[in-house]
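What follows is a short report on a single structure.
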Amino acid sequence: GRAIERRYPDRVDEHLERLAHHFSRAEEWREAVQYGIRSANRASALSQLADALGTLDRVQHWLSHLTDADERWELTTDVLLRQERLCETLGLRQRQLRIAEELITLLAPRGALAKLAEAYLRQGDVCTLLRRFDAADRALATALRISRERADRAAERNVVRSIGLLRSHEGRPEEAIARFEEALSIDRELGEAPAAAAIRRAR
């Protein structure tokens, strides 16, 4: 691994998977994790999503060897969030749901964090797609509460939009439009306007 770093200092990105492998075999876990995450990012950018997910699965195992608990916690939450996004794109809904639940279990003891609100939001979104509407409602309500407690208007906007999508899936178009319009109002407050298309779709 060190030899590759020295020989290809300007072309490291071409060897990320090999570097992650070599450092993991050497039990240099921090380097293995760092190169593994970079390798997964590169695979995602190349639309090699299944490969990216497989790499992150290995990274998750390597993370268990890190001795710094705070560092391990931060990196584990980051990897789980990346895995959840990949599962969404790949349509792996059941695994996506399990990852969201794992994230919530990991994050909840640390209080109302931005990542916790995001985890509940993602849980709500996948439950909506799985037509588990009661579970989606509970998850999104929790995400909304945390976002408002944190006075995070952008996060609140995202949750309100997801609630609109939930209401649309439930066959409640008037409530869906009301939520999309609320999200649009926050967009305007933030100087953005991506919710308008969602309102048009709901109508």
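The values are calculated or read from the model by the stated rules, or taken from the named source; none is laboratory data. Computed from a predicted structure; not experimentally measured. Here the Cβ positions follow ideal geometry from the backbone for every residue, glycine too, while neighbour counts run over all protein chains shown. To get the accessible areas, we keep the full protein, side chains included, count just its heavy atoms, and leave off ligands, DNA and RNA. Shrake-Rupley method; radii C 1.70, N 1.55, O 1.52, S 1.80 Å.
With the checklist (1) part of a helix (DSSP H, G or I); (2) of a type in the set (G, A, S); (3) open to solvent by 20 Å² or more (accessible area, probe 1.4 Å) in hand, flag the one item A100 doesn't pass.
(3)
Of the residues that sit in segment 68-97 and are acidic (D, E) and farther than 26 Å from S47 by Cβ, which one is surrounded by the fewest Cβ atoms within 10 Å (Cβ to Cβ)?
The extreme case among them is D70.
Do you know which of the residues in segment 103-131 that are surrounded by 22 or more Cβ atoms within 10 Å (Cβ to Cβ) and of a type in the set (S, T, N, Q) is nearest to A176 (Cα to Cα)?
T128
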